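Colleague: A single structure is presented below for examination.
The values are calculated or read from the model by the stated rules, or taken from the named source; none is laboratory data. On a predicted model such as this, the values are computed, not experimentally measured, just so you know. For neighbour counting, all protein chains shown are included, and Cβ atoms are generated from backbone atoms with ideal geometry for every residue, glycine included. Just the protein is used for accessible areas: all its heavy atoms, side chains included, with ligands, DNA and RNA removed. Shrake-Rupley method; radii C 1.70, N 1.55, O 1.52, S 1.80 Å.
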Amino acid sequence: LIGIESQRATGVLTVVLHSFFFFLLFPFSGFERRNDTTMMRVRRSAFFAAAAVLCVFAAGYVEGSSSVTQLPPDWVHTEPLNMPIKTLMGPGPSTAYPRILEAAKQPLVGHLHPEFVKLMSDVQDQLRYTFQTESKYTIAISGTGHAAMEAAVANFVEPDDHVLVGVNGIWGERMCDLVQRYLGVPVRMVKPGGEVFTTEEIEAELKRDERIKLVFLTHGESSTGTLQPIEGIGDLVHSHGALFFLDTVCTLGCVPFNVGSQGIDITYSGSQKCLGAPPGSSPLTVSQGAMEKLRSRKQPPFTYYFDLNLLGEYWGFNDNPRWYHHTGMVTNMYTLREALSILQEEGLEKAWDRHRQAAERLWAGLEALGLELFVQNPELRLP
């Protein structure tokens, strides 16, 4: 009876014990010696009475038992969800265009249905335009921007790889943490918040440690508001045999950069920032050189979900029939596609200008209020 609810179990156990002791002690009573026939009748009656009582208790226990032991949360309202409309002014998520939210109402399809596979291919082409790259290794990771960040580390940082990390805010710190978790060696290049790194400083670090395999910078550091200049850094990094690794979570779609011409080997972003889509999908693109590093690893990446060798089979890297890796983010792909379509219709250069003009109006308004902007140089401010 161990594990049975205590009250009902106690009742059943009491009946059983009483019946046991009754039949154990009854033969030694004086009544048995006087009349064996009468004793047997009494014993039989007592047996059936005890059995009947036991059945009643057992039936009551079974009837009261249930696999549902946790009551429903009646304090939670169950009417259809109705969230307030707010203007979101943080670094993300951003307020989405109504057209993007309408796309989320589209009916679900299977994540390997031909309609969805075509949608995946369309999104890849749109992301190539947005990143300004021709790389076929361009996808959207299922997860928020942090998922693509970790996917990049998991695939391209091998044990004992030295990774030069520019630390001038939270994202450089977090990259150091991720590199360590994947058994790499972060080489910290530190600047105070609000400052950026020069090519001379990066070159000095590359010369000091010839084991550096990747150089990581945050293009738009949201924790301090800096915009990292990247012109010439790709060529510099490549000249030292390393890969250029860039966080563009806060800049994709709102700040000019060109993955192809600026030699960016690995970069990731998020759908919920400048693109204005709901969080849940994170664009990622990598160069041929980065993929060669991945394919030459001595051991597979320490992840299944983010393994680009496997994800590539789902996203069509090798022009093979699509292979099931995980259930794709169907609804999030709808909204990402719609956000990229709006950007495509507007045009990248117009979108870049719009963000810059809006930022300059904000800066001017803040300064008119007597507030001092943290990043002194306007050219180094994140729009």
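Colleague: Could you list, in sequence order, the residues of the stretch 208-229 that are open to solvent by less than 10 Å² (accessible area, probe 1.4 Å) and in a loop (DSSP other than H, G, I, E, B)?
Modeller: His219, Gln228
Colleague: I want to confirm something. Restricting to the stretch 164-207 and keeping residues that are within 29 Å of Glu372 (Cβ to Cβ) and among the polar types (S, T, N, Q), which single residue is least open to solvent (accessible area, probe 1.4 Å)?
Modeller: Among them, the one singled out is Asn168.
Colleague: Next question, about the same structure. Within the stretch 352-367, count every residue that is among the small types (Gly, Ala, Ser), open to solvent by less than 40 Å² (accessible area, probe 1.4 Å) and farther than 21 Å from Gly145 by Cβ.
Modeller: The qualifying residues number 1.
Colleague: Related question: Pull out all pairs, ordered by first then second residue, where Cβ-Cβ is under 7 Å, the residues are six or more apart or on different chains, the first lies in the stretch 74-97 and is assigned to a loop (DSSP other than H, G, I, E, B), and the second is surrounded by 10 or more Cβ atoms within 10 Å (Cβ to Cβ) and of a type in the set (A, V, I, L, M).
Modeller: As it stands, the answer is Ser94/Leu88; Thr95/Leu88; Ala96/Ala277; Tyr97/Ile342, since those pairs meet every condition given.
Colleague: Here's another thing I want to ask about it. What number of residues within the stretch 311-357 are at pLDDT 95 or above and over 23 Å from the mean Cα position of the chain (by Cα)?
Modeller: Residues meeting the conditions: 17.
Colleague: So which of Ser271, Ser287 is in contact with a helix residue (DSSP H, G or I) (Cβ under 7 Å, 6 or more places away or on another chain) and touching a residue at least 24 places away in the same chain (Cβ under 8 Å)?
Modeller: The unique qualifying residue is Ser271.
Colleague: Quick check on my filter: what residues within the stretch 243-275 are under 17 Å from Gly90 (Cβ atoms) and among the charged types (D, E, K, R)?
Modeller: Lys273
Colleague: Conditions first: (1) at pLDDT 95 or above; (2) closer than 24 Å to Leu382 by Cα; (3) surrounded by fewer than 16 Cβ atoms within 10 Å (Cβ to Cβ). Gly90 passes all but one, so which condition is the exception?
Modeller: Every condition holds for Gly90 apart from (1).
Colleague: Touching a Phe, Trp or Tyr at 6+ places or on another chain (Cβ under 9 Å) and acidic (Asp, Glu): is that true of Glu150 in this structure?
Modeller: Spelling it out, Glu150 is indeed touching a Phe, Trp or Tyr at 6+ places or on another chain (Cβ under 9 Å) and acidic (Asp, Glu).
Colleague: Separate question: Just checking, does the stretch 138-159 include any residue being open to solvent by 40 Å² or more (accessible area, probe 1.4 Å) and either among the aromatic types (Phe, Trp, Tyr) or closer than 22 Å to Asp235 by Cα (or both)?
Modeller: Among the residues of the stretch 138-159, not one is open to solvent by 40 Å² or more (accessible area, probe 1.4 Å) and either among the aromatic types (Phe, Trp, Tyr) or closer than 22 Å to Asp235 by Cα (or both), which makes the answer no.
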